[in-house]
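Contents: one structure, followed by commentary.
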Amino acid sequence: MIRMKVFIAFAHPEPQSLTASLRDVATSELTALGHEVQVSDLYAMGWKSNIDRSDFPTLAPDERMRVPYASGAAFLRGTLTDDVKAEQAKLLWADMMILQFPLWWYSMPAILKGWVERVYAAGFAYGVGVSDEHRGGDRYGEGVFAGKRAMLLVSVGGQPDNYSARGICGPIEDVLFPINHGILYYPGFDVLPPFIVWGTDRLDAAGFETASSALRDRMQTLETIAPIPYRPLNGGDYAFPGMTLRPELGTADASGFRLHERE
């Protein structure tokens, strides 16, 4: 077994929540397997989720704040705030990142989205590599996190049928696509299938034990499970400059997110 460094970005405000209990199950199993684990408990840390001028101390008071440019300049100068630098160091340290959160309003809690927005600075997680008429920069399969793995650990109040192809909520793969593809795959992570615990509002002791057992099994296979086969931007599947999937790929009437997975 490969010993890995695992970083968990955790977002739930209640220490006694089911989500927190699942975090403890995951960290306990990972530690027992010999992996190193770091956890950022964002609510406990009092993480600042909104980007504002205080994130860029060297920005002149009368200068217009254009976030990508201010972020990139601060990264290059080493003037990002200490809390952001500490989280970036954890990402560089880790072989594997887990984003753990309850699914709220079809997405992650605001504090975790704010963590992404502040930590994924320009020049660090995006805006890198050559972009021209033949290449789209180092992203979607390339970038600073290439060679690392990532996974979502999500607590969902609904049931699998609600998030099926004909379910009222839409397929869970589509709901999570902006996070899996746009936040994890974009800067280079190999994205593992998400681990989802369903019906969390009604989970009894037996259900929790079943979920915990499955979660322990998943922690045992982090280094071997096959990632979602997303198409790399610069691998030949997309035509430039529009970065659109080549017409000969996928079925003629296919559309939507699944087009961006290789068959």
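A few comments on the model shown:
- Those residues of the range 39-54 which are in a helix (DSSP H, G or I) and closer than 19 Å to Ile98 by Cα, in sequence order: Leu42, Tyr43, Ala44, Met45
- Failed condition for Gln38, given (1) within 17 Å of the chain's Cα centre (by Cα); (2) surrounded by fewer than 14 Cβ atoms within 10 Å (Cβ to Cβ); (3) of a type outside the set (Asp, Glu): (2)
- Residue within the range 117-139 that is in contact (Cβ under 8 Å) with a residue 12 or more places away in the chain, assigned to a helix (DSSP H, G or I) and surrounded by 18 or more Cβ atoms within 10 Å (Cβ to Cβ) present: yes
- Residue in the range 1-30 that is farthest from Phe208 (Cα to Cα), counting only those that are in contact with a helix residue (DSSP H, G or I) (Cβ under 7 Å, 6 or more places away or on another chain), of a type in the set (A, V, I, L, M) and outside any loop (DSSP other than H, G, I, E, B): Val6
- Test: residue in the range 82-97 that is more than 25 Å from Ala214 (Cα to Cα) and part of a loop (DSSP other than H, G, I, E, B): no
- Among the residues of the range 218-227, the ones that are buried (at least 19 other Cβ atoms within 10 Å of the Cβ) and either assigned to a loop (DSSP other than H, G, I, E, B) or modelled with pLDDT under 95 (or both) come to 1 in all.
- The residues on offer are Leu76, Leu80, Leu92, Leu59, and the sole one that is within 30 Å of Glu173 (Cα to Cα), of a type in the set (A, V, I, L, M) and out of contact with any Asp or Glu (no Cβ under 6 Å at 6 or more places or on another chain) is Leu92.
The values are calculated or read from the model by the stated rules, or taken from the named source; none is laboratory data. These numbers were taken from a predicted model, which means no experiment stands behind them. No Cβ is skipped: glycine too gets one built from the backbone with ideal geometry, and neighbour counts run over all protein chains shown.
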